[in-house]
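**Student:** Sharing a structure with you now.
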Amino acid sequence: MPRTIGLLTDNNELIDDFESQPSGFAVRTYKALEAVKPEEIIVLAVDADFFESTDTIQFFLSKIRKKLQGLPVLLIMRISILPHLNFEWFFDEFVLYPFRKGEISARLKRIFWDKAVPDNENIITIGKIKINLKEYTVHLNDEKLDFTYKEFELLRFLTENRGVVFSRKDLLNKIWGVEYIGGTRTVDVHIRRLRGKLGEEFNSVIETVRNVGYRCMS
């Protein structure tokens, strides 16, 4: 059975063009954010013209990120939006419309490569830790640990971006979203909880970069 890409748009011409592009994938179209079901898809492609203006893209992408529970986002843009492109927006990769032949497939491969997750798997293994992205579970030495949603998301994000240092503000924006009104101390609290649950294994996976933030060691 082919893996399924979600497509959020109300543009019928774009739908037809998108469905003819990626080989090896099925496409499920949604014309409202409320209709999107994360369990049905492995990636959500989002038409930037679906939003009211470039000023609202970040807000809606933040809502989408929360709804998707960690699934990657492919942002579809017209060339007119390029001057307004902000890499702080919540997306994993972008593609220009009209599409060039083979480009969507290439962008999808890039997403899975950057996520350090094979595109036919839902498991991240690092050290003695096994993270199941589909089931939202974490196992340490084959023992299942009890994680909250935000703890899981924080661990997932760091392990999917191995070697990259993220400031507390970066992590707050990526995991909690731009509308979150709490301070960066929230990140430290969740890191402390991860350390408590992972024990000694935590220190071999996540490094505290003094005066900067945190990173997952490659």
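Values in this text are rule-based calculations from the coordinates and carry no lab data. Given the structure is predicted, the values throughout are model-derived calculations rather than measurements. Glycine gets a Cβ as well: all are built from the backbone with ideal geometry, and neighbour counts include every protein chain shown.
**Student:** For segment 1-122, with only Lys/Arg (+1) and Asp/Glu (-1) charged at the beta-carbon, what is the dipole magnitude about the Cα centre, in debye rounded to 20?
**Tutor:** 280
**Student:** In vacuum, with every alpha carbon of the chain counted as one equal point scatterer, what does the Debye formula give for log10 I(q)/I(0) at q = 0.11 Å⁻¹? Two decimals, please.
**Tutor:** Values, matching the q order: -0.56.
**Student:** Starting from 0 in steps of 5 Å, tell me what percent of the Cα-Cα pairs of segment 123-216 lands in each bin.
**Tutor:** 2, 13, 27, 27, 18, 9, 2, 0
**Student:** Let me ask something additional. Cut-off under 16 Å on the C-alpha distance; same-chain residues fewer than 8 positions from Lys31 excluded. Which lysines are left, in chain and number order?
**Tutor:** Lys63, Lys67
**Student:** Next up: Please report how far the C-alpha centroid of segment 5-79 lies from that of segment 157-208, rounded to the nearest whole angstrom.
**Tutor:** That distance is 27 Å.
**Student:** Okay, moving on. Which value in deg cm²/dmol, rounded to the nearest 500, describes the helix-derived mean residue ellipticity at 222 nm for the chain, given -39,500 (n - 2.57) per DSSP H run of n ≥ 4 and division by the residue count?
**Tutor:** Using -39500 (n - 2.57) per qualifying helix, the result is -9500 deg cm²/dmol.
**Student:** Can I ask one more? At what distance in nm do the modelled label points of Lys144 and Asn86 sit from each other, each positioned 7 Å from its Cα along Cα→Cβ?
**Tutor:** 4.0
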